[in-house]
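Every read-out reported here was derived from the displayed coordinates using simple, explicitly stated rules and does not represent laboratory data. The structure displayed is predicted, hence computed values, not measured ones. Virtual Cβ from ideal backbone geometry, glycine too; neighbours counted across all protein chains shown.
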Amino acid sequence: MELLIGQMFAGLSLGSVLLLAALGLSLTFGQMGVINMAHGEFMMAGAYTAFVVQQVISDAGVSLLVSVPAGFLVGGVLGLVLEAVLLRRMYHRPLDTLLVTFGVALILQQAARDIFGAPSVDVRAPGWLQGNIEVLGAPIPLTRLFILALSLLCLAGLVLLLRATPLGRRIRAVVLNRDLAETSGVSTRRSDQLTFFIGSGLAGVAGVAVTLIGSTSPYLGTNYIVDAFLVVVAGGIGQIKGAVIAAFALGVLQSVFEYSTTASVGKVLILIVIVVFLQLRPQGIFSLKTRSLA
Amino acid sequence: MRGLLRGRLGTAAGFALGTVLLLGVAPAVLPVFSLGLLGKFLCFAIVAVGIGLAWGRGGMLTLGQGVFFGLGAYVMAMHMKLADASLFGGSGVPDFMSLYGSGEVPGWWEPFRSPAVTLLAVVLIPGLVALVLGLAIFKRRVKGAYFAILSQALAAAFAVFLIGQQATTGGSNGLSGFRSFFGFDLKDPNNKVMLYLIAAVVLLLSIALARQLMHSRFGELLVAVRDQEERVRFLGYDPATIKTVTYVVAAVLAGIAGALFVPLVGIISPADVGVIPSIAFLIGVAIGGRATLLGPVLGAVGVAAAQSALSSTFPSFWVYFQGLLFVLVIGFMPGGLASLPALLGRRRRLRTAASTPAVPATRVRTPLAAPPEPEQNATMPEEARR
Amino acid sequence: MTMPTLLPDGEPRAGGLRHGRPKYLEVRDLSVSFDGFLAVDNVNLDVIQGDLRFLIGPNGAGKTTVIDAITGLVPATGSVNHTGTEILGRKVHQVARLGVGRTFQTASVFENLSVLQNLDIAAGAGRGPLRLLRRRKTVDAAVEEALEIIGLEGAAGKKAGILAHGQKQWLEIGMLLVQNSDVLLLDEPIAGMSQDERAETGELLRRIAASRITLVIEHDMDFVREFATSVTVLAAGKVLSEGSVAQVQADKKVQDVYLGSSEVEATDA
């Protein structure tokens, strides 16, 4: 029983990392039709940001608190640059954006190898995050609790931004109907850039978060990107609610499968579950309902 | 009529030239080692022919071709391991199994002792996997972007699965150390030349197959499905069938290529079949011209040659270069090198207008009730010429 | 096959063919709902072979949605019977194979294929796999005839993408013809055409309709007056009126929905 709760919790914290990664992907996919394969490398950049910050600020607690916004900024700026230089001319070619951003991902990975070396590096967790808390008799690491809290906080912030601010309204308008929003005077350029900044920033935060539960290597992005995309697919493109459900479901399922079989069989099972699920709902858990005016 | 005649003659001449170069000139001038290397490139070219069909003509971004390549390769590798064990070890148990596992051959390996089963499985297993997956995805009209992501996830899962099964698949080391190929000693240079020749013949055959498919009514239909899938339905066709058939053909070609890769290169491991090699298959296709017949072949051989020349001496540079290729070719020249002549000589273009089309549609808003799906493929400004 | 001809002689007339056993399209209680909004509300409609029926109505009346529902594009309730066969609830391509063809408001042809290839694909849904895998060596007689009818013989080898707007719509009609459908559903076939092209299209429609079940969505009332043999008026998803052009125009309810104007005058698309 304790083991199961422990596994469930490991699943939830994996889910929260996936959620942070998938939120940005889902936003940019929904709004611009961009499939950003470099998103995983933005995570990696966030993780290395945490590493660098800790080189400068040796106090692990302070450096963590600095790393979160710093990671957001680094991820966000990378996203902005990518959007401005390459993606803005490719909005109508989603499949091609996937390949172009894969090229960018290769370059960023190699850059990380050249700068930080191929072996992984570690970021120390602050003292107040070391240790466990007991939940129903199962020991839950504080770091995982922190990650869960962090991702829920980011989620709340994002939802607030989308629901309650003029900027959010503009973004939602563009997601629903790009052409109409454009002709109604919404500056799609501006909202595209902001969406990309925020989405990529969240990837950076996710990167900072994963330094608490594992080491950082140039391959960090590769490990998460495919799963993050599966979350977007299962949740429905551009659907935050769907992404939340799918991320946690995937995280928990993966932990449970790994627990009851092996890690490698677990991966295969997850994929089968998703393909079967798409037979029932080809658009994902939620989908945009629009009737194009024929 | 003149055009047709010239087309026919041109094709025949092209094939003759290709045959002479691949089967005559290359074995005569290249040392055995280089010939083996070229054989490896030709395997990639066979995969590329399939990708050109599925992606260039069919608009399906197949990010998981490594899986089919791997299935074919592992089937062949398993057979060769078993054959070696019987021939040289006597015990009939492949060496690595005694090292990592129980020393017993698992039941699902046994069928591959038979050469006939192996040859069938090289074709059937990738074909069946693609059939099931294709039907599951295309029949339910899962969107194009989803297809790309799922096929990528498949590649990731496949690699992870192989790594996890150390005792039965060799894990991350893969399968290697082969000594014989259907009874032929792999150390004998003559047999190495023979392997190369087999790869070259298979490539020529797969080009001929792709050509037939592209120029047939099926090929025209495939382009119609790529550009306006919904519209095709209203003419009484089920696009899912057309896409699935194409996907299966591409998968089978990849599987055969994988099976040839193993004796030529001497190793197959998860590093050859995962996400990154799967996507890497695409770059050559894109450079050569994804919608053309020969573009993918030449592109794949070119990229593979460049990689083998550069990646060992300048590993870091090679990765940057590969990344840049993706960015520049896909981003700025989606028609690949094949579109260059068309870009340069616009006037002559009109003459080929009647021939089979080579360009995915620009985004066309159809009045169909479904909102325009984001998967419609690239905007290519110019026709790619053959 | 005996010499096929896409355009037998004859004129369409209200009520359709009077002899033999004419084919028919019988729509009963057809409803389409988009998230609770009834876009099509219990529509009943009968079109007999040989009738040239026009479907008119203000914007948003649900005209296109009716066609979408019949062709299986949007889910609907009710029944659509094509000469004894229920076609509602089938997949789009199955409905097409049962002899129901349609065109679209914005001409949607395969821009990267030649005119000939477009027609050949439209003509070929019944081809077996072996014929599909062979190269197209000859031109079907029907395709040849269609090329002539739509006046694109000279452009057979041209890519459909470079055709003029009107030509694309003609190509769509040609595709519909060679598709060999008994039921033709045309969605604003003359939108964006010049006067001459309209007249020619109208004549073509009359020749086509003489032997088929034809339903045309149109906004241009002059065109409707000139070529329709019967008219159904749709408003807010419901059938408002039905009859000859004159009958419909005299209908008070119809005049009301067109903003009380004394004459039925719809905005041009």
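So for B:Trp55, B:Trp318, fewest C-beta neighbours within 10 Å to most, what's the order?
Values: B:Trp55 29, B:Trp318 19.
With the fewest neighbours first, B:Trp55, B:Trp318 line up as B:Trp318, B:Trp55.
Using helices alone, what [θ] at 222 nm do you get for chain C, with -39,500 (n - 2.57) per DSSP H run of 4 or more residues, divided over all residues and rounded to the nearest 500? Before the final figure, lay out the partial values.
Working: 10 runs with 84 residues, N = 269.
Estimated from H runs of four or more residues: -8500 deg cm²/dmol.
Can you give me the distance in nm between label points at B:Gln212 and B:Ser98, each placed 7 Å from the Cα along the Cα-to-Cβ direction?
Placing both labels 7 Å along Cα→Cβ, they lie 4.7 nm apart.
Work out how much length A:Arg169 to A:Asp114 would gain on full extension: take 0.36 nm times their residue separation and subtract the Cα-Cα distance, in nm to one decimal. Don't jump to the answer; show the numbers that get you there.
Numbers: separation 55, 0.36 × 55 = 19.80 nm, distance 4.18 nm.
In short, 15.6 nm is gained.
Which of the lysines could a cross-linker bridge to B:Lys40, judged by Cα under 27 Å and excluding same-chain residues fewer than eight apart?
B:Lys81, B:Lys187, B:Lys192
³J(HN,Hα) across the range C:76-82 via Karplus (A = 6.51, B = -1.76, C = 1.60, θ = phi - 60°), whole Hz, x for Gly/Pro?
Residue by residue, the range C:76-82 yields 9, 10, x, 8, 10, 10, 9 Hz.
Taking the beta-carbon count within 10 Å as an exposure proxy, list C:Val216, A:Val208, A:Val159, B:Val20 from fewest neighbours to most. Before the final figure, lay out the partial values.
Details: C:Val216 25, A:Val208 31, A:Val159 15, B:Val20 11.
So the ranking, lowest neighbour count to highest, is B:Val20, A:Val159, C:Val216, A:Val208.
Apply the a/c threshold of 1.5 to the C-alpha gyration tensor of the range C:92-147 and tell me whether it is rounded, prolate or oblate. Show your work: numbers first, answer last.
Numbers: a/c = 1.69, a/b = 1.20, b/c = 1.42.
Because a/c hits 1.5 or more and a/b fails to exceed b/c, the range C:92-147 counts as oblate.
Note down the nm distance, to one decimal, between modelled labels 7 Å out along Cα→Cβ at A:Ser184 and at B:Ser308.
Inter-label distance under the simple model: 5.8 nm.
If you take every residue apart from B:Gly302 with its C-beta less than 15 Å away from the C-beta of B:Gly302, what net charge results, scoring Lys and Arg +1 and Asp and Glu -1? If you can, show how the numbers build up before the last one.
Values: positive: B:Lys40, B:Arg290; negative: none.
Net charge around B:Gly302: +2.
Anything over 25 Å Cα to Cα? Flag those among C:Lys23/C:Lys91; A:Lys241/B:Lys243; B:Lys139/C:Lys158, in the order listed. Each step should come with its number before you reach the end.
Values: C:Lys23/C:Lys91 22 Å; A:Lys241/B:Lys243 32 Å; B:Lys139/C:Lys158 33 Å.
Violating the 25 Å limit, Cα to Cα: A:Lys241/B:Lys243; B:Lys139/C:Lys158.
Return the long-range amide H neighbours of B:Gly289 (sequence gap of 5 or more, or a different chain), with a cut-off of under 5 Å between placed amide H atoms.
Excluding prolines and chain starts, which carry no amide H, the hits are B:Leu337, B:Ala338.
Hey, got the average number of other protein chain Cβ atoms within 10 angstrom for residues in C:107-120? If you can, show how the numbers build up before the last one.
On the way: counts 2, 10, 5, 14, 8, 16, 8, 6, 1, 2, 9, 3, 0, 3.
Partner-chain Cβ atoms within 10 Å, mean over residues of C:107-120: 6.
Can you work out the PRE-style zone for C:Ala164? Point 7 Å along Cα to Cβ, and I want the residues of the range C:194-228 with backbone N under 20 Å.
C:194-205
What does the charge count around B:Phe314 come to, taking other residues whose C-beta lies under 14 Å from its C-beta (Lys +1, Arg +1, Asp -1, Glu -1)? Please list the in-between numbers first.
On the way: positive: A:Arg113; negative: A:Asp114.
Combined, the nearby Lys, Arg, Asp and Glu give 0.
Taking R0 as 30 Å, what FRET efficiency do you get between A:Gln193 and A:Leu160 from their Cβ-Cβ distance, rounded to the nearest 0.05? Don't skip to the answer; put the middle values down first.
Working: r = 20 Å, r/R0 = 0.67.
After rounding to 0.05, the efficiency reads 0.90.
Based on the alpha-carbon gyration tensor of the protein assembly as shown and its eigenvalue square roots a ≥ b ≥ c, which shape applies: rounded if a/c is under 1.5, prolate if not and a/b is larger than b/c, or oblate?
Details: a/c = 2.11, a/b = 1.38, b/c = 1.53.
Oblate, since a/c reaches 1.5 and b/c is not below a/b.
Measuring from a point 7 Å past the Cα of B:Trp108 along Cα-to-C-beta, which residues in the range B:243-278 have an amide N at less than 18 Å?
Of the residues in the range B:243-278, B:269-270, B:273-274 have backbone N under 18 Å from the label point off B:Trp108.
For a quick check: sort C:Asp29, C:Asp46, B:Asp227 by the number of other beta carbons within 10 angstrom, fewest at the front.
Values: C:Asp29 12, C:Asp46 18, B:Asp227 25.
If I rank by nearby Cβ atoms, fewest first, I get C:Asp29, C:Asp46, B:Asp227.
Provide the FRET efficiency to the nearest 0.05 for the A:Leu80-C:Arg225 pair, computing r from the beta carbons and using R0 = 35 Å. If you can, show how the numbers build up before the last one.
Working: r = 59 Å, r/R0 = 1.68.
The pair A:Leu80/C:Arg225 has a calculated efficiency of 0.05.
Modelled label-to-label distance, A:Tyr219 and C:Asp196, 7 Å Cα→beta-carbon offset: nm?
Distance between the two pseudo-spin positions: 7.0 nm.
Excluding residues on the same chain fewer than 8 positions from C:Lys159, give the lysines whose Cα lies under 22 Å from its Cα.
Output for C:Lys159: C:Lys137, C:Lys168.
What residues have an amide H closer than 5 Å to that of C:Val239, excluding those fewer than 5 places away on the same chain, when H is modeled at 1.01 Å from N in the peptide plane?
Correct list: C:Asn44.
Where both residues lie in the range C:24-257, what percent of DSSP beta bridges are antiparallel, nearest 5? Please report the intermediate quantities before stating the final value.
On the way: 21 of 37 bridges.
Here the share of antiparallel DSSP bridges comes out near 55 percent.
Which ³J(HN,Hα) values in Hz, rounded to whole numbers, follow from the phi angles of the range B:42-47 under the Karplus curve 6.51 cos²θ - 1.76 cosθ + 1.60, where θ = phi - 60° and Gly and Pro get x?
Calculated HN-Hα couplings, in order: 5, 4, 4, 5, 5, 4 Hz.
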